[in-house]
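Scroll down for the structure; my scribbles are underneath it.
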Amino acid sequence: MRKKLFLSFVLFSALLLTGCYTTRKSRGGGQIKVIPARTIDTSDILLLPGYKIEPVAVDLTFPAAVTFDDEGKMYVTETGYSYGEIWKEPKLIRLNADGSKTTIASGEKNGPWTGVVFHKGYFYLVEGGALGGGKILRISKDGKIKVLTENLPSMGDHQTNGPAIKDGYIYFGQGTATNSGVVGPDNADFGWLWRKKDFHDIPCKDIVLNGINYPSDNVLTDDKDDTTLTGPYSAFGEAVVAGQVIKGAVPCTGSIMRIPLEGGQPELVAWGLRNPYGLAFSEDGKLFITENGFDDRGSRPVWGAGDVLWEITTGMWYGWPDFSEGKPIQDDEEFKPPGKGKVKPVLQKYPNDPPKPTAVLGVHSSSNGFDFSTSSKFGFVGEAFIAQFGDMAPTVGDVLAPVGFKIVRVDVKTGVIRDFAVNEGRKNGPASWLGEGGLERPLSVQFDPTGEVLYVVDFGIMRMTEQGPQPQTNTGVIWKITKL
């Protein structure tokens, strides 16, 4: 009897909490009423005792990554594109010792330039390719650009990311076109469905579908009452049937791929990953990546999916679009959006059982670029330092308080996550939300060649509204963290 009473209490509490969640107003870190001017105040940032933070570059527009040449000079990429359909010129910029900036190379209207690595005399740069497809570029120190591969399927929600270099190969990530495999009105909100009406996710190998189709408003017609059915891995408005085979191809979405340093066709490394953003090799040569988890949006929403740090095994399928964090989302209350139906699987069978993650990070934390500590002078050797861009609520789903907006460190042996750099205050959030002068939206981190200094790339202010993101130009900052 006591067990029945306890279970009844638990079920009642769960229903009550779900009801509270659905009625409470979202309070994401970007949901600010007024966009403030960017101010800098290092006393607003909390570090472990013995560490110091200072800004080394300000007034950047959408910075994404830093790297260092063979003379120790620092370079930064400005993406040239941001969610919110803001287009600028992507740039590779040298940050000079006197504080000035020198543009080394500029790109076409096909950003974002998401990452860069300097290797044996050249910059290897990833062009996200939101308009014309992703590319891997090689740029000389005098700014000459060579395309190493192109036409990567990056015109959807998520672009081409990376890179990381090892043993003569450039490794990079390719995000998925959609949130969970189905093109829907949310992709029109992103902007890309209007210009790429037949674009959809591409599996890396043949898959067999369950035949589930998803109803939605037909946003591509002027009739407000028009509806349509869309199947997974299909263009908007195209239905599928049970047992239908979708042929695999490379390049594909939701994958890690690689090409030789001199360029060439992509080879598959791993797949079944929603948005593999950060890539880095540990000191013992293992490839790790960060994956942005599902959102509560679109025709097939998934709730409560954390971001993940994975160790990558060549050839492995990591579970997208039917698993989150290595766990099946089928009929699971954990992943059922409040007030909506349970999530059904779209695949009839799976290539393999997904592995267990190295670590599971905050839901909607947008855990992105990361690097490994290699120096005892900085500390925490072998741990992964991860930049958390922060939630993009309400676009990705509602949150009850800001998530992310900080730097965390992960012990990859135990999966334990600890804060490393956060804004001061009784509540967590970006500086613009707190009314302070600290971190805004950390997008990536990079140790300098000595391993003794950690640089944080802070994208800048991005306000979030029901209509989408409003990123602010000239608010990006590069921070430097040293151990005293």
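The values are calculated or read from the model by the stated rules, or taken from the named source; none is laboratory data. Computed from a predicted model, the values in this text were never measured in an experiment. So basically every Cβ, Gly included, is an ideal-geometry build from the backbone, and we count neighbours across all protein chains shown. Heads up: the accessible areas ignore ligands, DNA and RNA and are worked out on the full protein's heavy atoms, side chains in. Shrake-Rupley method; radii C 1.70, N 1.55, O 1.52, S 1.80 Å.
Things to note:
- For ARG195 and SER140, the difference between the fully extended length at 0.36 nm per residue and the C-alpha to C-alpha distance is 16.5 nm.
- Cross-link partners of LYS349 among lysines (Cα-Cα below 26 Å; sequence separation of 8 or more within a chain): LYS205, LYS247, LYS327, LYS336, LYS340
- The chain, dipole about Cα centre (Lys/Arg Cβ +1, Asp/Glu Cβ -1), debye to the nearest 20: 700
- Listed by chain and number, the aspartates and glutamates placed with their C-alpha closer than 14 angstrom to that of LYS101 are ASP59, GLU78; residues fewer than eight positions away on the same chain are left out.
- Full extension of the chain between LEU261 and GLU424 gives 54.4 nm of extra length, using 0.36 nm per residue less the Cα-Cα distance.
- Loop-resident sites, the stretch 222-315, for GluC sites (Glu not before Pro), counting at most 11 other Cβ within 10 Å (DSSP): GLU262, GLU283
- Candidate aspartates and glutamates for bridging to LYS413, where Cα separation is under 12 Å - those fewer than 8 sequence places away on the same chain excluded: GLU311, GLU383
- With θ taken as phi - 60° and the Karplus curve 6.51 cos²θ - 1.76 cosθ + 1.60 applied, the whole-hertz 3J(HN,Hα) list for the stretch 202-207 is 10, x, 7, 9, 4, 10 Hz, x standing for glycine and proline.
- Cleavage-rule hits, trypsin sites (Lys or Arg not before Pro), the stretch 198-267, DSSP coil, Cβ neighbours within 10 Å at most 11: LYS224, LYS247
- Dimensionless Rg over Rh [the stretch 315-456; C-alpha; Kirkwood]: 1.03
- Value at 222 nm in deg cm²/dmol, rounded to 500, when DSSP H runs of n ≥ 4 in the chain each add -39,500 (n - 2.57): -2000 deg cm²/dmol
- Relative contact order, whole percent, for the chain stands at 17, derived from Cα pairs under 8 Å and 6 or more residues apart.
- Applying the criteria of a DSSP loop state and at most 13 other Cβ atoms within 10 Å to the trypsin sites (Lys or Arg not before Pro) of the stretch 104-190 yields LYS109, LYS120, LYS144.
- Taking every alpha-carbon pair under 8 Å whose residues sit at least 6 apart, the stretch 325-484 reaches a relative contact order of 17 percent.
- Heavy atoms of CYS204 accessible to a 1.4 Å probe, total area in Å² rounded to 10: 10
- In this structure, the pairs whose alpha-carbon distance is over 27 Å, taken from LYS73/LYS377; LYS88/LYS141; LYS141/LYS377, are LYS141/LYS377.
- For the chain, the solvent-accessible area works out to 42 Å² per residue, with a probe of 1.4 Å and every protein chain left in place.
- Coarse-grained scattering of the stretch 21-127 at q = 0.20 Å⁻¹, given as base-10 log I(q)/I(0) from a Debye sum over alpha-carbon atoms: -1.14
- Centroid-to-centroid, using Cα positions, the stretch 70-129 and the stretch 320-345 are 38 Å apart.
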